[in-house]
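Following: one structure in C-alpha cells, then a few remarks.
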Amino acid sequence: VQLQASGGGLVQAGGSLRLSCVVSGSSGRLAYMGWYRQAPGKQRELVALIFITGSTNYLDSVKGRFTISRGNTENTAYPQMNSLKPEDTAVYYCNAKSLTNIESWGQGTLVTVSS
C-alpha cells in the first residue's frame, strides 16, 4: 500500500492550500483517511479524519477553517485549508487505515504559512 501526498507549499497568512492524498495498492476498503501534522519541536497531531461513513473529525484549532473531503473514490482525501495561520506551519502527513486494520503513512508535505 502506498500513500502519495501532495499540495504543500508556502502561503501567506489568510491564504489557502489544498492537500491531496491518494492511496494505491491492495489493502481493501479503508476505514478512514486522515491528515496529521508535526511542527518543529512538537508532537505529531491529528488534523482531520474522514471515515468510510463520510463523517469527519477535526482538530479544534482548525474547525471552521479546514474541510476534508473524498474524491470520486474512497482512496483519495483532500483537506481544503483556508484562513491559514502561521501556527499551521508544519509537515503534514497522510494516513489511512483499512477495515482489516492495516495502517499506512504517506511521505510528509511541508506547509509554511508566513505572517
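Determine whether Tyr58 is closer than 22 Å to Val23 by Cβ and touching a residue at least 60 places away in the same chain (Cβ under 8 Å). Against the criterion (closer than 22 Å to Val23 by Cβ and touching a residue at least 60 places away in the same chain (Cβ under 8 Å)), Tyr58 does not qualify.
Quick one: what pairs do we get from the range 37-49, first residue in contact (Cβ under 8 Å) with a residue 40 or more places away in the chain and within 11 Å of Tyr93 (Cα to Cα), second in a loop (DSSP other than H, G, I, E, B) and small (Gly, Ala, Ser), C-beta under 8 Å, 6+ apart or different chains? As it stands, the answer is Gln38/Gly108, since those pairs meet every condition given.
For the range 53-63, filtering for residues that are over 20 Å from Gly108 (Cβ atoms) and either among the small types (Gly, Ala, Ser) or open to solvent by less than 50 Å² (accessible area, probe 1.4 Å) (or both) leaves 2.
Find the residue count for the range 9-33, including only residues that are within 26 Å of Lys85 (Cβ to Cβ), surrounded by fewer than 18 Cβ atoms within 10 Å (Cβ to Cβ) and not aliphatic (A, V, I, L, M). Going through the range 9-33 one residue at a time, the tally reaches 7.
May I ask you to list pairs of residues, at least six apart or on different chains, whose Cβ atoms are under 6 Å apart, with the first in the range 62-89 being closer than 18 Å to Arg44 by Cα and the second being among the polar types (S, T, N, Q) and not in a strand (DSSP E or B)? So the pair list comes out as Pro86/Ser115.
Tallying residues that are open to solvent by 60 Å² or more (accessible area, probe 1.4 Å), within 30 Å of Arg29 (Cβ to Cβ) and touching a Pro at 6+ places or on another chain (Cβ under 8 Å) within the range 64-115 yields 1. In the range 1-24, the qualifying residues are those that are on the phi > 0 side of the Ramachandran plot and either in contact with a Phe, Trp or Tyr (Cβ under 9 Å, 6 or more places away or on another chain) or assigned to a strand (DSSP E or B) (or both), and the one that is modelled with the lowest pLDDT is Gly7. As a summary of the residue check, Tyr36 satisfies the conditions (1) open to solvent by less than 30 Å² (accessible area, probe 1.4 Å); (2) in a strand (DSSP E or B); (3) under 18 Å from Arg18 (Cβ atoms) except for the one numbered (1).
The values are calculated or read from the model by the stated rules, or taken from the named source; none is laboratory data. Nothing here was measured: the structure is a model prediction, and the numbers come from that model. Here the Cβ is made from the backbone with ideal geometry for all residues, glycine too, and neighbour counts use every protein chain on show. Please note that ligands, DNA and RNA were not included when accessible areas were found on the heavy atoms of the full protein model with its side chains. Shrake-Rupley method; radii C 1.70, N 1.55, O 1.52, S 1.80 Å.
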